[in-house]
Amino acid sequence: MSDGFLDMLVFVRVTEAGSLSRAARELGFSLTVVSRKLSRLEERLGVRLINRTTRSLTLTEEGSRFYDRSVRILAEIEDAETEAASGRDSAIGTLKVTATFAFGVRWLAPLLAEFQQSHPMLNVRLDTTDGLINIVEDGYDLAIRFGDLADSSLIARQLAPNRRVICAAPAYLDRSGRPSSIEDLVNYDVVSFGDPPNTHWTFEDGRSVNVRSRLGSNNGELAHRWALQGRGLILKSIWDVEDDVASGKLEIVLPDQRLPAAPIHAVFPHNRLAAAKVRLCVDFLAARLKRAAPRAL
């Protein structure tokens, strides 16, 4: 690797480690070498990338932009080296995946089992949680998430479209009446989930409503069961409730009032980009989910 790319690598490691000494240990360099390479990079670029104090490191505006570009460049270099060394079709090692509970159980579990069967040298671990986790700190190769990506340090690829719907058990609607407008929703009980629970619903036309929730959980599947038992309205992905709607266990309310879409994304750190196991799994999931997309989308 040329000196320029090595300096870039040092800068990225320092940024991610949060200190020069920790980056030096991870890279196997002396603290002096790391400090010199970082200073040389800043001198060559003619801008300060990191503001350094005795207690903290913070990226400058130029440093933040340079970091985003650097991680992509280094990932591409690693990708090229991995491809040349071992080929693109070898999914080996362990693939650690996280997803929401309901989607993980219903959709990902069978798909990942099928993917692993096609790659016998690969071990797959699927963890499910409805809470938001830091996939880098927790060591995940891949996260399956709904909605847009907020963290620019991660890579996201859309796997499938998604529509969110408000629904309830017919027994609850027979008892409480069916809402005829967004404003009516304030008069209904809502089963909420998430951390924090979502009780502020915004629609595509810009209108929003604060709903009341007497039952809530951090587990979306548990909330789903309460809705099936007739305990109130619930806002869910069509992927989670399609079968219940088709069978009549749940009924969509206000079907003409569209909520903002929350597409399904595969999310992974830049340093996982070169791993064939991640690329192959994302390609596999995209193909399978495209074929399995609910008709109500």
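The values are calculated or read from the model by the stated rules, or taken from the named source; none is laboratory data. Computed from a predicted structure; not experimentally measured. Cβ placement follows ideal geometry from the backbone for every residue including glycine, while neighbour counts extend to all protein chains displayed. Side chains are part of the model used for accessible areas, which takes the heavy atoms of the whole protein and leaves out ligands, DNA and RNA. Shrake-Rupley method; radii C 1.70, N 1.55, O 1.52, S 1.80 Å.
Could you tally up the Lys pairs in the chain with alpha carbons closer than 26 Å? Skip any pair fewer than 8 positions apart unless they're on separate chains.
Close lysine pairs under the 26 Å cut-off: 7.
What does the net charge come to around residue 216 if you take all other residues with beta carbon closer than 12 Å to its beta carbon, with K and R at +1 and D and E at -1?
Taking every other residue near residue 216 into account, the sum is 0.
Less than 12 Å Cβ to Cβ from residue 188, Lys/Arg counted +1 and Asp/Glu -1: what total charge do the surrounding residues give?
Net local charge, residue 188 excluded: +2.
Work out how much length residue 262 to residue 39 would gain on full extension: take 0.36 nm times their residue separation and subtract the Cα-Cα distance, in nm to one decimal.
Value of the extension gain: 76.0 nm.
Under a 1.4 angstrom probe, counting protein chains only, how are 209, 245 ranked by accessible area, largest first?
So the residues, ranked largest to smallest area, are 245, 209.
If you average the sequence gap of Cα pairs under 8 Å that are 6 or more apart and divide by the length of region 152-297, what percent do you get for the contact order?
The normalised contact order for region 152-297 reaches 42 percent.
Over the chain, what is the percentage of antiparallel beta bridges among all DSSP beta bridges, to the nearest 5?
60
I'd like to know which of 188, 222, 51 lies farthest towards the positive end of the charge dipole of the chain, counting +1 on Cβ of Lys and Arg and -1 on Cβ of Asp and Glu.
51
Where both residues lie in region 167-297, what percent of DSSP beta bridges are antiparallel, nearest 5?
Approximately 50 percent, going by the DSSP bridge assignments.
Which peptide among 165-176, 94-105 comes first, and what is the full order, when sorted by highest mean count of other Cβ atoms within 10 Å?
Most protected by this proxy first, the peptides run 94-105, 165-176.
Could you work out the helix-only [θ] at 222 nm for the chain, with each DSSP H run of four or more residues adding -39,500 (n - 2.57) and the total divided by the number of residues, to the nearest 500 deg cm²/dmol?
-12500 deg cm²/dmol
Work out how much length residue 175 to residue 121 would gain on full extension: take 0.36 nm times their residue separation and subtract the Cα-Cα distance, in nm to one decimal.
14.0 nm
Please sort 220-229, 256-265 by packing, taking for each peptide the average over its residues of neighbouring beta carbons within 10 angstrom, highest first.
Most protected by this proxy first, the peptides run 220-229, 256-265.
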